[in-house]
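Below is one structure, written out as structure tokens; comments come after it.
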Amino acid sequence: MVQSHAQASQALASGIHALPDTRSVFAATQAAYRFLNNRRVTLRALSKPLVEAARFEVAAACDRWALVIHDWSQLMYPGHAAKQGRVALSSRGIPEGYELQTALVASDRDGSPLAPAAMSLRAADGVHCSRSPKVRPALSPLDELAPAMSFAEQQSLGRPLVHIIDAEADSVAHFRQWQHSGQRFLVRADDRLVEWEGNERKCSAIRTILAERGAFRIVRPVQYHGTAAEQHVAEVAVRLLRAGQRNRPGAGDRQKLPGPPLPLRLVFAEVRNTTGQVLATWRLLTNLPMEVDDSTIALWYYWRWSIEKYFKLLKSAGMNVEGWQQATAHAIAARLLVASMACVTVWRLAKPP
């Protein structure tokens, strides 16, 4: 099964490939169907080789930390009426597909993807999850993060973990929850209010003051859309003072969640061209210790794109998942785990000697 996924698929030929063998293509297809639809083949069991691969790769590819990149991706099947349990993925409210959530382990040395440590697929009957022996009720996307983080921490990957998440996770209540649980996180922030130098200010106002003070420094050359550029960084210590807020309008839940002041590091990372024009800006909030400098933090967040490349490999640049013909969420989730084993194999083979 893994070997059959270790090759690029065309959009019109996204079925499982039969390997060169004396058996017929039909027999291979039937065997794959029985395997993927066998409920005794649990997602938890299928995920064990991926966790073992992550543990093995971290030992070889990580120096001090292991990066765990969390993200979501929509698997769209708008024309697949036979697929059971599709959910609405847009405001139209029409069942269109499934929502994939993944925790991908990556190297702190070069950002290379190593292996998914956890994966879940939201469907109408609940969440088909590699962490759970059964289909479980769905949580909000942000509430799904803490269990995924805890699961990754429990796998004894051999290095302390840094959980890297895009701006969807900029939530004071969740920051406090993760901090209380002892998890290290790195999140791209919106232009939120933080306390700095005794006053609450927007992050953009702090950035302006730091620029006026000449606090930004060049840390590395980079490429921006194929053009030579430079990355500049600056950092300040801030506190988050305000209450968090649940944002679940579907359930009528917008409860305020007060909490103690939360000290964090606010890192500004900018890409500038050779004339000094700012081309891109990231505002990064993290509770990483000072031994990890702001230049490294900016680089680690840039490596978050490893998971986007992984999703692209699954969807349009190799596996063509959105053309798969499996009719149930369980079968799709099982095949995703098998396909991920093929990804891990290819990543391992592609590494320089």
By how many degrees, 0 to 90 and rounded to 10, does the Cα axis of helix 203-212 deviate from the longest principal axis of the chain? 50
Values of log10 I(q)/I(0), in the order q = 0.15 Å⁻¹, for the chain under a Debye, Cα-only, solvent-free model: -1.34
For the chain, take the longest principal axis of its alpha carbons; what is the angle in degrees between that and the long axis of helix 329-350, to the nearest 10 within 0 to 90? 70
Asserting the computed 222 nm helical MRE of the chain (DSSP H runs at least 4 long, -39500 (n - 2.57) per run, divided by residue count, to nearest 500) equals -9000 deg cm²/dmol
Please list 3J(HN,Hα) in residue order for region 139-154, calculated via the Karplus relation 6.51 cos²θ - 1.76 cosθ + 1.60 where θ = phi - 60°; whole Hz, with x for glycine and proline. 9, 5, x, 6, 5, 6, 6, 4, x, 5, 4, 4, 4, 4, 5, 7
Lys/Arg +1, Asp/Glu -1 at C-beta; region 58-137 dipole; positive extreme among ALA60, GLN101, ALA115: GLN101
Just want the ordering: THR275, THR227, THR286, THR296, from fewest to most Cβ atoms lying within 10 Å of their own Cβ. THR275, THR227, THR296, THR286
To the nearest 10 degrees, how steeply does helix 305-315 sit against the main Cα axis of the chain, on a 0 to 90 scale? 20
Per residue Cα convex hull volume for region 196-242, in cubic angstrom? 103
Low-density loop cleavage sites - GluC sites (Glu not before Pro) in region 288-353, where at most 11 other Cβ are within 10 Å (DSSP): GLU291
Looking at region 94-162, what % of the alpha carbon pairs are farther apart than 18 Å? 42
Treating each Cα of region 179-296 as an identical point scatterer and ignoring solvent, apply the Debye formula and state log10 I(q)/I(0) at q = 0.12 Å⁻¹. -0.52
Write out the GluC sites (Glu not before Pro) in region 142-211 meeting two conditions: DSSP loop, and at most 12 other Cβ atoms within 10 Å of their Cβ. GLU197
If I histogram all Cα-Cα distances within region 229-331 using bins 5 Å wide from 0, what percent of pairs lands in each bin? 2, 10, 12, 11, 11, 13, 15, 12, 9, 4, 1
Can you give the charge dipole size of the chain about its Cα centre, rounded to the nearest 20 debye, using +1 on the beta carbon of Lys and Arg and -1 on the beta carbon of Asp and Glu? 860
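Read the figures in this text as sums done on the coordinates, not as results from a lab. Please read these numbers as outputs of a predicted model, since none were measured by experiment. Note that each Cβ is placed from the backbone with ideal geometry, even for glycine, and that neighbours are counted across all protein chains shown.
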